[in-house]
Amino acid sequence: MTTSEGFLEVGEYKIHYATWGKRGRKIVILHSMGMDAYSMEKMCESLADRYQILALTILAHGDTTVPSKTVTLPEHAELMRECYLKLDYSPCVLIGHSIGGRMSMILAAEHPDEVKGLILVDIAPPDPVSRPWSQQAPESMRNEADAKAYLKQRYPGFSPEYLENRLRHGFVKQPDGSLQPKPTGSPTMTSYYTDLWPYVERIRVAAKLILGSESPLVTPEKRERMVKLIPGLEVVAVKGASHMVPQDRPADFEREVRVFLQKLRW
């Protein structure tokens, strides 16, 4: 169960958040494309007895505003920073998955006094090329069975609890029983046009990169470059996981997070 959830007004945007735990060190989570603040819900519930956890829903996802104009990745990262500062979640450990990891690279480099540790989930700096928008979902599902079938097709590696998580948090039930998917991204979000290597070069906090063994996203070349640039970077691969590591193998992912948190001096 979440401790609380709500919204923050940041500029022209309304940003959704959820929190777990009322005592201990602080953790901030930035999720991947297609997800929301509940993307690591199982782990958050498990860690809530020892840590205070804030998960933010990034722009154009879930119940957070879909921007009408282009938002650059550094701008997006700063919006997330404003949120965790407003809620007094600094200093913190940042856990960033995919696009959330890209924002976390920027924040760890730009604000080292606020970030005491960094966990990047299956992500490296992208090649700065134009990519077509590919996150469309059907406008409506006739019923829960259709929604579940869609989720299984889109996320074939998801554990049963995360299929249920997406059914619970990713749709709005309509009066006729149909389910309308919540936003899962927008072409106004940019991620591939920012050269993140200059940020990675400045990361000096304790850091861990958790990969999915079945994910091709982080190439061996990029992995080696990150290891050279980030002092002491620990790299692990979760067996059997795709890019969606926290949702495919939640127990293994949580174990790797716990190991990092227990080693960290903060």
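The values are calculated or read from the model by the stated rules, or taken from the named source; none is laboratory data. Model, not experiment: these values are computed from the prediction. When we count neighbours, we look across all protein chains shown, and the Cβ atoms used for this are built from the backbone with ideal geometry, even at glycine.
Output the residue which, of all residues in the stretch 54-76 that are under 22 Å from Tyr38 (Cβ atoms) and in contact with a Lys or Arg (Cβ under 8 Å, 6 or more places away or on another chain), is surrounded by the fewest Cβ atoms within 10 Å (Cβ to Cβ).
Only one residue tops the list, namely Asp63.
Name the residue, out of Tyr51, Tyr13, Tyr17, Tyr89, that is hydroxyl-bearing (Ser, Thr, Tyr), modelled with pLDDT of 95 or more and in contact with an Asp or Glu (Cβ under 7 Å, 6 or more places away or on another chain).
Tyr17
Of the residues Val218, Val200, only one is touching a strand residue (DSSP E or B) at 6+ places or on another chain (Cβ under 8 Å), closer than 28 Å to Gln262 by Cβ and assigned by TED's automatic domain parsing to the domain that holds Leu233; which?
Val218
Hey, does the stretch 199-214 have a residue that's under 27 Å from Pro112 (Cα atoms) and among the hydroxyl-bearing types (Ser, Thr, Tyr)?
Yes, the stretch 199-214 has at least one match.
What do you reckon, is Glu254 acidic (Asp, Glu), more than 27 Å from Thr64 (Cβ to Cβ) and either surrounded by 18 or more Cβ atoms within 10 Å (Cβ to Cβ) or assigned by TED's automatic domain parsing to the domain that holds Ser104 (or both)?
no
Do we have any residue at all in the stretch 239-248 that's among the acidic types (Asp, Glu) and in contact with a Lys or Arg (Cβ under 9 Å, 6 or more places away or on another chain)?
no
Out of the strands (runs of 3 or more DSSP E) lying entirely within the stretch 118-223, which hold 2 or more residues that are surrounded by fewer than 16 Cβ atoms within 10 Å (Cβ to Cβ) and free of Cβ contacts under 8 Å to residues at least 60 places away in the same chain?
The qualifying strands (runs of 3 or more DSSP E) are 171-173.
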